[in-house]
Structure formats: structure tokens, C-alpha cells
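Okay, structure first, notes after.
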Number of protein chains: 2
Amino acid sequence: MAVGSASDKTGRLEVRPEEHAALVDGRPLSLTVRELQLLVTLWSNPQRILTREELHTSVWGTPPRRDDRSVDVYVSRLRAKLGAALPDQKLIYTHNGIGYRFSPDG
Amino acid sequence: MAVGSASDKTGRLEVRPEEHAALVDGRPLSLTVRELQLLVTLWSNPQRILTREELHTSVWGTPPRRDDRSVDVYVSRLRAKLGAALPDQKLIYTHNGIGYRFSPDG
DNA sequence: TACCCGTGTTTACAGGTTTTTCACAACTCT
DNA sequence: AGAGTTGTGAAAAACCTGTAAACACGGGTA
């Protein structure tokens, strides 16, 4: 495999940021821009707990306003689409009081 | 290992404050925010006896009210979780009339 | 212009988890 | 034993998360 390829597989999920695409078993998921940005951010930091602040700043470009729930809403939408394509895998874990973590394994 | 790493090992226990995580044998403990804050405070001051005032101020941000037992309650919970993951090690020692001490060794 | 449609944003509320508080048991020290 | 401390389960209160739904907006089309 070419060095520096910026696409990667996580089990049956592939994420290709430069191509603005995420695939499951080779089939593209139909994600909106925000959903994809969020997935890319999570996927780029596997096993790491990302705070809502970090996620919001990465996806929206600015820190969240007080009581902003947009990160949660998009995590929910992303889970729904991932769950539809990969019914048996849990990929996004919640860390109460902190944020979320992407974990291809357990 | 890189100088300045802000993670550290204490036997099989690793504490990584910046990552909001504590691991035993590489597996994350599932601690709540308060539990982790308390562990981080104790772990940051090994062998030192920390008073309830110090612990409360560090974790809750304010000194405890008279008859406040929250530090004790959280020490108990932390011990339970640490004990489940490391059944043979005693890490948190009580100093009667004063407070608690974290000791990776004996 | 008027009507859809898809996306993004915000709100609301149910449900879940954590934190706090309380009560009593267990322990320590004299 | 008696007084003061600490350990801990459980209930109450506070807080946080999941998610549907309402709203806003722009582009496309009739």
C-alpha cells in the first residue's frame, strides 16, 4: 500500500477525507457535509476521548456556545446512519460529562 | 520515551489527565469525572498525605463545608473501582483525622 | 411567485447517569 | 466503653445525553 495514503479501513468502514467520502463494504454512505466532518474528526483520533469543545471547534470552526447541543445532535445522526449500514457494530462511545470516542474495536 | 510525557505508570495503573483517562493494564477504567479528578489529584502527589480540604479544593474547586463527606464518598467509590481492576493492590491509605495518601508502593 | 427538498440549526422533553446528601455501620484511639 | 472518625449503601436532587420535531434557508423546478 502506498505510503501516505489518507484513506483507511476500520473493519468494513473506510473513510476518505480527500474524497469527501465514507464507505461501508465499498458502498458510499450518504452523509451530509457536517456528518462527514464529524466522522472524519472522530475517525482521525481513534480511541481518544474528544471533548465537545474539540469536536465543535473541529467541525464548526469555533468553540460551542453555552448549551449548544449540535455536537450531540450530529453524533446521533451519524450513529443512525452508521448503525443502518453496520447494525452489529458500536463505533462511537459516549463519555459522560466529557465527550465522545471513536473506537473501531471494542 | 519522549521527555515531558504527561502520562505515567504506577505499576499497572496509568493515569492520563489530558486524555481524561485512567488505565489498568492498558484497559480504561470507567470513572466518572469526579472520580477521575480525585484520582488525578491523589496520583499527582504520591506518598503525600492530602487533607480533605486539599482534596475537596482540588476536585470541587472550593473548600468543603462543615461536615461535608463527599471526599470520603468518592474515595470509597474510587477504591471500589481500583480494587475491582487491581484486586491485590492497596493504593489509597487513610490517615485518621487528616486525609488520604496515594501510594503506588507499599 | 409558489412549492418541494435537502441540509443545517435550534428547541424540547424523556430517559439515563452522576453527584449530593443522609443514615447507619464499622473502625480507631484513648 | 465512649467519643470521634471513616466506610458505604441508598435515596434524592442535579445534571447530562439521545433524539424527534420545529424552524430557517437556499436551490431547483413548475
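The values are calculated or read from the model by the stated rules, or taken from the named source; none is laboratory data. In this text the structure is predicted, and so the values were computed from the model without any measurement. So basically every Cβ, Gly included, is an ideal-geometry build from the backbone, and we count neighbours across all protein chains shown.
Quick look at the numbers
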| read-out | value |
| --- | --- |
| Region B:78-102, residues that are touching a Ser or Thr at 6+ places or on another chain (Cβ under 9 Å) and surrounded by 15 or more Cβ atoms within 10 Å (Cβ to Cβ) | B:81, B:91, B:92, B:99, B:100, B:101, B:102 |
| Set B:79, B:34, B:69: member being away from chain A (no Cβ under 14 Å), within 12 Å of DNA strand D (Cβ to nearest atom), out of contact with any strand residue (DSSP E or B) (no Cβ under 7 Å at 6 or more places or on another chain) and of a type in the set (Lys, Arg) | B:69 |
| Residue list for region A:82-101, restricted to those being under 13 Å from the mean Cα position of the chain (by Cα) and either within 14 Å of chain B (Cβ to nearest Cβ) or hydroxyl-bearing (Ser, Thr, Tyr) (or both) | A:93, A:94, A:99, A:100, A:101 |
| When residues of region A:59-77 are limited to those that are hydroxyl-bearing (Ser, Thr, Tyr) and surrounded by 16 or more Cβ atoms within 10 Å (Cβ to Cβ), the one nearest to DNA strand C (Cβ to nearest atom) | A:70 |
| Residue check, residue B:41 within 14 Å of chain A (Cβ to nearest Cβ) and polar (S, T, N, Q) | no |
| Of residues in region A:44-53 being polar (S, T, N, Q) and either within 14 Å of chain B (Cβ to nearest Cβ) or within 13 Å of DNA strand D (Cβ to nearest atom) (or both), the one farthest from residue A:14 (Cα to Cα) | A:51 |
| Selection status of residue A:33, surrounded by 16 or more Cβ atoms within 10 Å (Cβ to Cβ) and at pLDDT 95 or above | no |
| Of the criteria (1) touching a residue at least 24 places away in the same chain (Cβ under 8 Å); (2) farther than 22 Å from residue B:29 by Cα; (3) within 16 Å of DNA strand D (Cβ to nearest atom); (4) buried (at least 19 other Cβ atoms within 10 Å of the Cβ), which one residue A:56 fails | (1) |
| Candidate set: region A:82-99, residues that are free of Cβ contacts under 8 Å to residues at least 24 places away in the same chain and of a type outside the set (D, E, K, R); chosen: the one farthest from DNA strand D (Cβ to nearest atom) | A:87 |
| Every residue from region A:58-106 that is β-branched (Val, Ile, Thr), over 25 Å from residue B:37 (Cβ atoms) and outside any loop (DSSP other than H, G, I, E, B) | A:59, A:73 |
| Filtered residue count, region B:90-106, keeping only those that are out of contact with any Phe, Trp or Tyr (no Cβ under 7 Å at 6 or more places or on another chain) and modelled with pLDDT of 95 or more | 6 |
